[in-house]
Amino acid sequence: MVHSGRYRAVRMIVIVIPAFDEATKLVELLPALPDHVGQEAVRVVVVDDGSTDTTRDVARSHGAHVIVLSPNQGKGAALRAGLDAIAAWPATCVALMDADGQHDPCDLPTLVAPVLAGECDIACGSRYLEDDARRHTPLNRYLVRRAAVGWLRRRPGVSVTDPFSGYRCLAPQVARTWVPQGDRYEAELEMLFDAVRNGWVLREVPVARIY
């Protein structure tokens, strides 16, 4: 992963990672992130959401730009803080990634590719696009996902296979204008409805299923 410092006006992919007490996972995740995707430099922002462990220290030691919230405010609030902090950065796209190890850094090039190519405004990583079987998905999560997918399909313009995936990529105009209203875990669903409301083109891409 590239060390942060002061960012110059270069083309870059920015990754925003909300984190709450994820020091142990970040030790594994941050070194696994690529320095570049193609010609795009990768910059990482970790939003330490009121952690009581060494999350912020681990993030800084791996060169991430760190934003600290206190006390804990929730994933939606952390995403707002992260997106607001990078609003003026020269990002060619902004990836959103969870800190708990369920998102594979190897999938990053696949995730950002359609946004960088101008094919969509939001790319959503789907763990079920190519294989809808339950396999090693915890039963409660699998059932909730199936129910949510069925419910969303009855809403005009919203049809996805993995509505709760936090592994997403936003075009610059979306990253600058999208503001999650909820403070907790409703952000992923909010984005889907906001995409329809704003006419943003959304595409799902396959990513690894890790629990």
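Tabulated values for the structure
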item	result
Accessible area of the chain divided out per residue, in Å², using a probe of 1.4 angstrom	47
Surrounding net charge for residue 210, when Lys and Arg each add one and Asp and Glu each subtract one, Cβ distance under 11 Å	-2
Distant-in-sequence amide H partners of residue 183 (H built 1.01 Å from N, under 5 Å)	none
Within the accessible area of the chain (1.4 Å probe), percent carbon and sulfur	51
Tilt relative to the chain, helix 139-153 - C-alpha long axis, 0 to 90 degrees, to 10	70
Modelled FRET efficiency - R0 30 Å, residue 88 with residue 130, Cβ distances, 0.05 increments	0.20
Solvent-accessible surface ranking, highest first, for 55, 110 at 1.4 angstrom	110, 55
The chain: angle of helix 75-85 to the longest principal axis, Cα-based, in degrees nearest 10	50
Under-5 Å amide H pairs with residue 126, H placed in peptide plane, nonlocal only	205, 207
Crossing angle, helix 187-198 versus the chain [Cα axis fit, 0-90 degrees, rounded to tens]	70
Long-range amide H partners of residue 15 with built H, under 5 Å	43, 44, 45, 95
Rg/Rg_ref, the stretch 1-114, where Rg_ref = 2.2 N^0.38 Å and atoms are Cα	0.97
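The values are calculated or read from the model by the stated rules, or taken from the named source; none is laboratory data. This is a predicted model, so every value here is computed, not measured. Glycine gets a Cβ as well: all are built from the backbone with ideal geometry, and neighbour counts include every protein chain shown. When the accessible area is computed, the model is the full protein with side chains, heavy atoms only, and any ligands, DNA or RNA have been set aside. Shrake-Rupley method; radii C 1.70, N 1.55, O 1.52, S 1.80 Å.
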